[in-house]
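Please read the structure below before turning to the comments.
The values are calculated or read from the model by the stated rules, or taken from the named source; none is laboratory data. Keep in mind that this is a model prediction, so the values were computed, not measured. Glycine gets a Cβ as well: all are built from the backbone with ideal geometry, and neighbour counts include every protein chain shown.
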2 protein chains.
Amino acid sequence: MSILPKPAARTLASDAYERIRAEIRTGRFRPGDRLRFADLQALCAMSVTPVREALARLTAEGFTSLDDHRGYSVAQLSLSELRDITANRKLCEGEALRLSIERGDAQWEAGVIAAHHLMVRVPQGREDMPSAIRDDWDARHAAFHRALIAACGSAILLDTCGRLFAHADRYRRVSVSLLMSGRDAEAEHRLIMETALARDGAAAVAALHAHYEKTAEALEAFFDGQGS
Amino acid sequence: MSILPKPAARTLASDAYERIRAEIRTGRFRPGDRLRFADLQALCAMSVTPVREALARLTAEGFTSLDDHRGYSVAQLSLSELRDITANRKLCEGEALRLSIERGDAQWEAGVIAAHHLMVRVPQGREDMPSAIRDDWDARHAAFHRALIAACGSAILLDTCGRLFAHADRYRRVSVSLLMSGRDAEAEHRLIMETALARDGAAAVAALHAHYEKTAEALEAFFDGQGS
DNA sequence: GAGTCAACGATTTTCGAAAATCCAGACGAT
DNA sequence: ATCGTCTGGATTTTCGAAAATCGTTGACTC
């Protein structure tokens, strides 16, 4: 049984949204690439209208950008934006985790433990693995981080965190193997979980911050090497 | 032909976006109202395609909501969401203000003073005033709050704050006069500005938090009276 | 040779109608 | 009387082509 519950896109527009978003996430559409309607229509096998709606949504979320009458293109990645995202994640997810620890009940604890278990049962994705495996781990990784902050009680904060996570995800994707080499991501995740379940807010937030900092540092090194 | 004072609206879609957004802001479209394409086409004098794109953007920003095949409607207002927005504003704008105070230069100081001056030169909007006057004060009020955090150095944080401000704005609109009666908003604004310019981060953030709390309290009282 | 401008090609943006979908009410069966 | 099915009308969603716009090429002038 698959983790992906097949959300069954109810309209072509949402189908196109998920499809194009996936192409950007996986790097098939590269940062800066122009997105021509003709190509996207061919890819999604539909007319221009739903494609346009999908691009409008993607742009509102920052995955693509729009110049009037010059069309859409994939949003650029930059070192400065990576730093910006990291700082905002520390602020928002840190606060959300603190609130979750303060307000979470046994149900929340169970959710965190379950999500962590599902994540560690699957090997961490590497670049040489089939993308389906990598996608699977990514989905479980995202679910774990979501479970941590699920009890914060603020729908808006959860939305903000989700947005930031999705953007950070794009950066993480550019080099999975480099990112995780020489690190013990499992230990970092376990430390976050254990301090959270122990209701030690300060320690949990500190662990979360350290986790993000290490991720950002690895990516910065990669970016420097690339010269982009 | 000379260029009219309307440099914006480079496409019909963005024109529709601003128009519908304004109708929601001013309360002409009420929370929960269904937004039929036929009506919006008549209002904006254009076809369905740009209207659809406008609604897609508005939905991504939370002003409208979409049920597949059941159309768009104006997002509801609720006491719990108001509390949620207030909490998030305290978190995000508080941090942005702290960063601005830390990093802002003389240019930032000048911007704050200028925006404050422009705001106090115009009388606070009341319900019996023509809406053009109210809109004017609202715009200057928004500009003042933006100027305060302009030097925070984080584009993403500024975006988040702008989103939150726009939502809070909808709540403030439901009762301008009640909101400001018995309060001294001018004094609150001045205190924020003075502590910020004095580079007293803690005091400025505290003043900002108090400002938001008072706004939220006044609105809560209004909501209770309405029973909604 | 450099600069200006007009027409062209490529692409986005918009239109109006057709297709798909949902809601409400009527009808019949249990 | 209640439940479930079916149809009519209203509304969204999608299509394919037309209109508008931008960047570029090439000719033409200075």
Let me spell it out: the conditions are (1) within 24 Å of A:GLY153 (Cα to Cα); (2) within 14 Å of chain A (Cβ to nearest Cβ); (3) not in a helix (DSSP H, G or I), and B:GLU95 meets all of them except one. Which number is the exception? (3)
From the option list B:ARG89, B:ARG36, single residue qualifying as of a type outside the set (A, V, I, L, M, F, W, C) and not assigned by TED's automatic domain parsing to the domain that holds B:ARG172 is B:ARG36
Criterion: surrounded by 18 or more Cβ atoms within 10 Å (Cβ to Cβ) and either assigned to a helix (DSSP H, G or I) or at pLDDT below 90 (or both) - qualifying residue of A:ALA187, A:ALA168: A:ALA168
With B:SER47, B:SER65 as the choices, which residue is of a type in the set (Ser, Thr, Tyr), in the same structural domain as B:GLU18 (by TED's automatic domain parsing) and farther than 18 Å from B:HIS167 by Cβ? B:SER47
Residue list for region B:43-70, restricted to those being within 8 Å of DNA strand C (Cβ to nearest atom) and at negative phi: B:MET46, B:SER47, B:VAL48, B:THR49, B:PRO50, B:VAL51, B:GLU53, B:ASP67, B:ASP68, B:ARG70
Filter region A:108-159 down to residues that are within 14 Å of another protein chain (Cβ to nearest Cβ) and among the aliphatic types (A, V, I, L, M) and give me whichever is farthest from A:GLU61 (Cα to Cα). A:ILE149
Considering each of B:ALA54, B:ALA115, B:ALA96 in turn, give the residue that is touching a residue at least 24 places away in the same chain (Cβ under 8 Å) and touching a Cys at 6+ places or on another chain (Cβ under 6 Å). B:ALA96
Could you list all residues from region B:19-48 that are near DNA strand D (Cβ under 7 Å from one of its atoms), in contact (Cβ under 8 Å) with a residue 24 or more places away in the chain and within 14 Å of chain A (Cβ to nearest Cβ)? B:PHE37
I need a count of the residues in region B:64-85 that are among the polar types (S, T, N, Q), closer than 23 Å to B:ALA22 by Cα and within 11 Å of chain A (Cβ to nearest Cβ). 1
Do we have any residue at all in region B:31-47 that's within 28 Å of B:ALA155 (Cα to Cα) and surrounded by 15 or more Cβ atoms within 10 Å (Cβ to Cβ)? no
